[in-house]
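Here is the structure we will look at.
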Amino acid sequence: MKYEIIELKEKQVVGLLVRTTNENMQAAKDIASLWQNFISKGIYENINYKIDHKTIGLYTDYEKDHTKPYNFMTCCEVSSISDLHDPLQTKIIKAGKYAKFSIRGHLQKDVLNAWQNIWSLDLDRTYESDFEIYHNNSEDINDQIIDIYISIR
């Protein structure tokens, strides 16, 4: 799987958070439910100071690696964090070196396939903040541009 190494600046994000694990497919259920709430309950629309129309899936606070519990956040990047109201939370995506994978395809199926390939790669991961940026380029869920960023040393 092809990727490029890039340096990213720090990002502030606001959204919904859940603690989950990849064991017994729990993350698939938790993440789908969180995205459903984020979009269908108008939470995304009510976040102030969004810098663009993209959405982010953030993986952070790993206990050890992707086989152990971690936090997942449906969110968007913001220019300012103020007027934060429940259930919204904030996180910082740390500046640093990332492996960037770009895919185009189905919103869920192709993202899952990409992650399975990423897990098999020998990347020197930091497990600090990995994330997906959904460009929301199309109404067609089968034709989405998604970038996956993996924090590395």
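The values are calculated or read from the model by the stated rules, or taken from the named source; none is laboratory data. The shown structure was predicted, so the numbers you read here are calculated from the model rather than taken from an experiment. So basically every Cβ, Gly included, is an ideal-geometry build from the backbone, and we count neighbours across all protein chains shown.
If you scan segment 61-87, which residues turn out to be surrounded by 14 or more Cβ atoms within 10 Å (Cβ to Cβ) and at pLDDT below 95? First the steps, then the outcome.
Taking segment 61-87 first, the residues surrounded by 14 or more Cβ atoms within 10 Å (Cβ to Cβ) are 61-62, 66, 69-78, 81.
Once the filter is applied, which keeps residues that are surrounded by 14 or more Cβ atoms within 10 Å (Cβ to Cβ) and at pLDDT below 95, segment 61-87 yields His66, Ile81.
Being surrounded by fewer than 18 Cβ atoms within 10 Å (Cβ to Cβ) and on the phi < 0 side of the Ramachandran plot is the filter here, so list the residues in segment 88-106 that pass it. Outline the logic, then answer.
As a first pass, look at segment 88-106 and keep what is surrounded by fewer than 18 Cβ atoms within 10 Å (Cβ to Cβ): 88-90, 92, 94-97, 100, 102-106.
Result: Leu88, Gln89, Thr90, Ile92, Lys94, Ala95, Lys97, Lys100, Ser102, Ile103, Arg104, His106.
Take the conditions out of contact with any Gly (no Cβ under 8 Å at 6 or more places or on another chain) and part of a strand (DSSP E or B) and apply them to Leu17. Does it pass? Outline the logic, then answer.
Numbers: out of contact with any Gly (no Cβ under 8 Å at 6 or more places or on another chain): yes; part of a strand (DSSP E or B): yes.
Yes; evaluated as a whole, the condition is true for this residue.
How about segment 68-85: which of its residues are in contact with a Gly (Cβ under 7 Å, 6 or more places away or on another chain) and within 11 Å of Lys11 (Cα to Cα)?
Matches in segment 68-85: Cys76 only.
It is to be established whether one or more residues within segment 45-58 are among the polar types (S, T, N, Q), within 22 Å of Gly15 (Cα to Cα) and part of a loop (DSSP other than H, G, I, E, B). Don't jump to the end; show me each part of the working.
Within segment 45-58, the first condition is being among the polar types (S, T, N, Q), and the residues that meet it are 46, 48, 55.
After this cut, where a residue has to be within 22 Å of Gly15 (Cα to Cα) as well, the list is 46, 48, 55.
Add one more test, that the residue is part of a loop (DSSP other than H, G, I, E, B), and what stays is 46, 48.
Yes, some residue in segment 45-58 is among the polar types (S, T, N, Q), within 22 Å of Gly15 (Cα to Cα) and part of a loop (DSSP other than H, G, I, E, B).
Working only within segment 23-58, note down all residues that are crowded, with 16+ Cβ neighbours inside 10 Å and either touching a helix residue (DSSP H, G or I) at 6+ places or on another chain (Cβ under 9 Å) or among the β-branched types (Val, Ile, Thr) (or both).
Answer for segment 23-58, where residues must be crowded, with 16+ Cβ neighbours inside 10 Å and either touching a helix residue (DSSP H, G or I) at 6+ places or on another chain (Cβ under 9 Å) or among the β-branched types (Val, Ile, Thr) (or both): Ile31, Ile43, Tyr44, Ile47, Thr55, Ile56, Gly57.
Looking at this structure, is Ala114 surrounded by fewer than 18 Cβ atoms within 10 Å (Cβ to Cβ), within 15 Å of the chain's Cα centre (by Cα) and not in a strand (DSSP E or B)?
no
Pull out all pairs, ordered by first then second residue, where Cβ-Cβ is under 6 Å, the residues are six or more apart or on different chains, the first lies in segment 95-117 and is farther than 23 Å from Thr67 by Cβ, and the second is surrounded by fewer than 16 Cβ atoms within 10 Å (Cβ to Cβ) and of a type in the set (Lys, Arg).
Taking only residues 6 or more apart or on different chains, the pairs are Ala95/Lys9.
Among the numbered criteria (1) among the charged types (D, E, K, R); (2) farther than 21 Å from Lys54 by Cβ; (3) in contact with a strand residue (DSSP E or B) (Cβ under 8 Å, 6 or more places away or on another chain); (4) surrounded by fewer than 15 Cβ atoms within 10 Å (Cβ to Cβ), which one does Arg125 miss?
Failed condition: (4).
Restricting attention to segment 5-22, which residues are surrounded by 15 or more Cβ atoms within 10 Å (Cβ to Cβ) and either closer than 18 Å to Ile118 by Cβ or at pLDDT below 95 (or both)?
Leu8, Thr20, Thr21, Asn22
Please pick out the residue among Tyr149, Tyr127 that is among the aromatic types (Phe, Trp, Tyr), within 20 Å of Val18 (Cα to Cα) and assigned to a strand (DSSP E or B).
On the way: Tyr127 fails: assigned to a strand (DSSP E or B).
Step by step, each of Tyr149, Tyr127 is checked, and only Tyr149 is among the aromatic types (Phe, Trp, Tyr), within 20 Å of Val18 (Cα to Cα) and assigned to a strand (DSSP E or B).
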